[in-house]
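The values are calculated or read from the model by the stated rules, or taken from the named source; none is laboratory data. Predicted model only: the values in this text are computed from it and were never measured. Here the Cβ positions follow ideal geometry from the backbone for every residue, glycine too, while neighbour counts run over all protein chains shown.
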Amino acid sequence: MAFATALLHPPIRLRAMTERTAKWLRTVWTILFGLAIICVLVSAIYAVRASYWVQPVIHQFQLDFVVTTDGELLVGSAPGRVPAVPVTAKVIAIDGQPVSPNLHVAGFARRLDSAENRPVTVSLRLPNGKTQLLTQRRVPIALSPSDERLRNIRIWARLATGLLACAAMLAGSLLLALRRPEDPVAMLLAFAFAGLAATIDPPLQFWLWTDRDIVLDVLGAGLFYCLLIALAAFPDGVFVPRLLRWLVPLGIPLAVIVSIPNIDEDVQGIVAMLLLLAVLGGQIIRFRRELAGIARQQIKWAAFGFAAGFMLILAAVILAAAMGDDPSQFTPLMSLAVLLLFSGGMAVVALGLIVALLRFRLWEADTVITRSAAYAVVTLVVGVIWAASSDIVKIIITEVIGRESDAGATTVGAIIAAGILSPTQSVVLGWTRRRFGSSIDQIRNAAKRLKTWGLTETPEELATRALAIIDSAVHPKASAIVLDTAKGPELIATRNVTSASDPRLVERVVLADDETSVGTLLVGRRSDGNRYNRQELDAIHEIVPSLAAALRVSRGRFSRESLMQQQLDEMAARLRQLERGAAKPA
């Protein structure tokens, strides 16, 4: 009922779920999560069997094959075989016996394997409608030890990468469901990640090679809808801009459009990309509206994950496009590279969202993003210089000795690139350190200001400014400063608390300089709920001597000024008494 109401009148905000709804949703998620794990395990076993039995059997009959995104098996002759048949034909009969139109790879290999040592006649229907007969005899393929080792490395590298991506998705789904069961955005992503784990490689290969691509379509529509709504309401369930709330009802037909097999794949890709860009554009608008705080840091982590992941996925798409549309031209290493890039990109996207929603080390986002960008710039500069210098050196060598020397040009280019690596790295990292200083850098830069403020400001104002500096550097959830006075400890400045005995103030640091202590600095946990790292603890202790000295100076100066003001007030009172002719006080 609530969901039907949301479809007719989409809410501006996805509110926290009730305990009853969360329990029901957790049950559904548990079932899906268990099925996803089973799917990953079964598909991993299937991938090993396909690599060491299905593919070798087909190749031993001098045949090659490819499975389309619709689960259709296309067969042709192996490269260099006569007659040459492109890998675009469909199997219609084996030894004169018709086969199922939905024949899958394992069934095809099983039919070939049953022939043992006798020739097999495979009837193929070409794209132009003609029929081609291929009479094939089984020829064992002997691999050298090095070729076999390379094949094993390729197979297990692909499987390990795919399983790593699946494990990342499943781990993310598990963490979100256990840590944030009442958060609608977290649960939507938990469902989406579980669905993704069951639709990327190796499950992707399993569904296609067993001709069950309908499962991919159903799971794809469901996870796309969950992902779309979660990103539109990320991170706290509020749709920004409000127009995105209409994705709640409209996202259902849109998810179906981008998943059903009867629509052109290019159109589906364009629609899906436009929808994702729309919700990501909403995050940009929200980021610009948000004040500095938790939500802004969550968006940074998610944006970093999407940027890094999309770069890897884009590289996979570009590499796949460069391979062309002819399956016979695909090389195993190129196919493996596409898979590695795509799986890695999906895992990075999920990791960014998980870190953001679990609020794990949120305040490290700036450091991670700037350093990653810096290393990317260094890599790009060194790569460009290496490539350019290699070409220039090749031209010079050709002009001097009259023949080309690729090895010499590459060596000289590598030497030049290595020579500029260290200075380039120092310049770029130095700039990022100055522009986005660490917590210790911020504290050190504030030391001179504290000394100046000690000469001009009251202890209360000085302590308030010091807490602002500490908040900017290490981001505590709460903080306070207690000053030692002649009458006893006095609370002179706070942030997000009203008492020095507040239980959120878990860290106590004595404010002492070279002479003695002047008070106590009270600090709570980080605002994202994590413990302080070593650098942040060092930053807190770094400010202690400067703050203690400034408070001592300010307290002494304020005491003298207060005493002087008191004496001036008394003198003014006595003068007023004299002017009225009053008797002098005894």
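A few remarks follow.
- The residues in segment 308-328 that are among the small types (Gly, Ala, Ser) and modelled with pLDDT of 80 or more can be counted, and the count is 4.
- Test: residue in segment 98-105 that is in contact (Cβ under 8 Å) with a residue 24 or more places away in the chain and surrounded by fewer than 16 Cβ atoms within 10 Å (Cβ to Cβ): yes
- Extreme residue, farthest from Ile354 (Cα to Cα), among residues of segment 191-208 that are in contact with a Gly (Cβ under 8 Å, 6 or more places away or on another chain) and touching a residue at least 40 places away in the same chain (Cβ under 8 Å): Leu208
- Verdict on Gly107 being outside any helix (DSSP H, G or I), outside the structural domain of Trp207 (by TED's automatic domain parsing) and not basic (Lys, Arg): no
- Being among the acidic types (Asp, Glu), farther than 20 Å from Ile31 by Cβ and assigned to a helix (DSSP H, G or I) holds for only one residue in Asp236, Asp266, Asp201, and it is Asp266.
- Tabulated pairs, segment 134-151, first over 30 Å from Lys90 (Cα atoms), second among the β-branched types (Val, Ile, Thr) and loosely packed, with under 11 Cβ neighbours inside 10 Å, C-beta under 9 angstrom, 6+ apart or interchain: none
- Residues of segment 9-24 satisfying the condition of being assigned to a helix (DSSP H, G or I) and among the basic types (Lys, Arg): Arg20, Lys23
- Residue within segment 25-34 that is in contact with a Leu (Cβ under 9 Å, 6 or more places away or on another chain), among the aromatic types (Phe, Trp, Tyr) and part of a strand (DSSP E or B) present: no
- Considering the conditions (1) β-branched (Val, Ile, Thr); (2) more than 20 Å from Gln442 (Cα to Cα); (3) outside any helix (DSSP H, G or I), Val553 is excluded by exactly one of them, (3).
- Qualifying residue in segment 277-284 (condition: at negative phi and under 16 Å from the mean Cα position of the chain (by Cα)): yes
Residue-wise test of (1) out of contact with any helix residue (DSSP H, G or I) (no Cβ under 7 Å at 6 or more places or on another chain); (2) closer than 22 Å to Leu462 by Cα; (3) among the hydroxyl-bearing types (Ser, Thr, Tyr).
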position: Arg534; (1), (2), (3): yes, no, no
position: Ile543; (1), (2), (3): no, yes, no
position: Leu551; (1), (2), (3): no, yes, no
position: Met564; (1), (2), (3): yes, yes, no
position: Leu575; (1), (2), (3): yes, no, no
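- Candidate set from segment 120-145 (those that are closer than 19 Å to Ala50 by Cβ and among the hydrophobic types (A, V, I, L, M, F, W, C)); member that is surrounded by the fewest Cβ atoms within 10 Å (Cβ to Cβ): Ile141
- Boolean, Leu575 is over 27 Å from Val497 (Cα atoms), modelled with pLDDT of 75 or more and exposed (fewer than 13 other Cβ atoms within 10 Å of the Cβ): yes
- Residue check for Ser77: modelled with pLDDT of 85 or more, under 30 Å from Ala337 (Cβ atoms), within 41 Å of the chain's Cα centre (by Cα) and small (Gly, Ala, Ser): no
- When we screen Ala22, Ala16, Ala36 for residues that are under 32 Å from the mean Cα position of the chain (by Cα), touching a residue at least 12 places away in the same chain (Cβ under 8 Å) and closer than 20 Å to Thr199 by Cβ, the only hit is Ala36.
- Of the set (1) among the hydroxyl-bearing types (Ser, Thr, Tyr); (2) closer than 19 Å to Gln442 by Cβ; (3) touching a residue at least 60 places away in the same chain (Cβ under 8 Å), all apply to Thr485 but (2).
Residues are listed down the side, and each one gets a yes or a no for (1) aromatic (Phe, Trp, Tyr); (2) crowded, with 22+ Cβ neighbours inside 10 Å; (3) within 20 Å of Leu35 (Cβ to Cβ):
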position: Gly162; (1), (2), (3): no, yes, yes
position: Gly172; (1), (2), (3): no, yes, yes
position: Pro202; (1), (2), (3): no, yes, yes
position: Asp213; (1), (2), (3): no, no, yes
position: Leu231; (1), (2), (3): no, yes, no
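- Contact map, segment 463-479: residues that are touching a residue at least 60 places away in the same chain (Cβ under 8 Å) paired with residues that are of a type in the set (A, V, I, L, M) and crowded, with 18+ Cβ neighbours inside 10 Å, Cβ distance under 6 Å, separation 6+ or inter-chain. Pairs shown: Ala463/Ile481; Ala463/Ile492; Ala463/Ala493; Ala466/Leu547; Ile469/Ala446; Ala473/Ile443; Ala473/Ala539; Val474/Ala539.
- All of Trp29, Trp53, Trp24 fail the test of being among the aromatic types (Phe, Trp, Tyr), surrounded by fewer than 18 Cβ atoms within 10 Å (Cβ to Cβ) and farther than 27 Å from Ala142 by Cβ, apart from Trp24.
- Qualifying residue in segment 146-157 (condition: modelled with pLDDT under 90, crowded, with 17+ Cβ neighbours inside 10 Å and not β-branched (Val, Ile, Thr)): no
- Every residue from segment 509-532 that is surrounded by fewer than 16 Cβ atoms within 10 Å (Cβ to Cβ), free of Cβ contacts under 8 Å to residues at least 40 places away in the same chain and out of contact with any strand residue (DSSP E or B) (no Cβ under 6 Å at 6 or more places or on another chain): Asp514, Glu515, Thr516, Arg531
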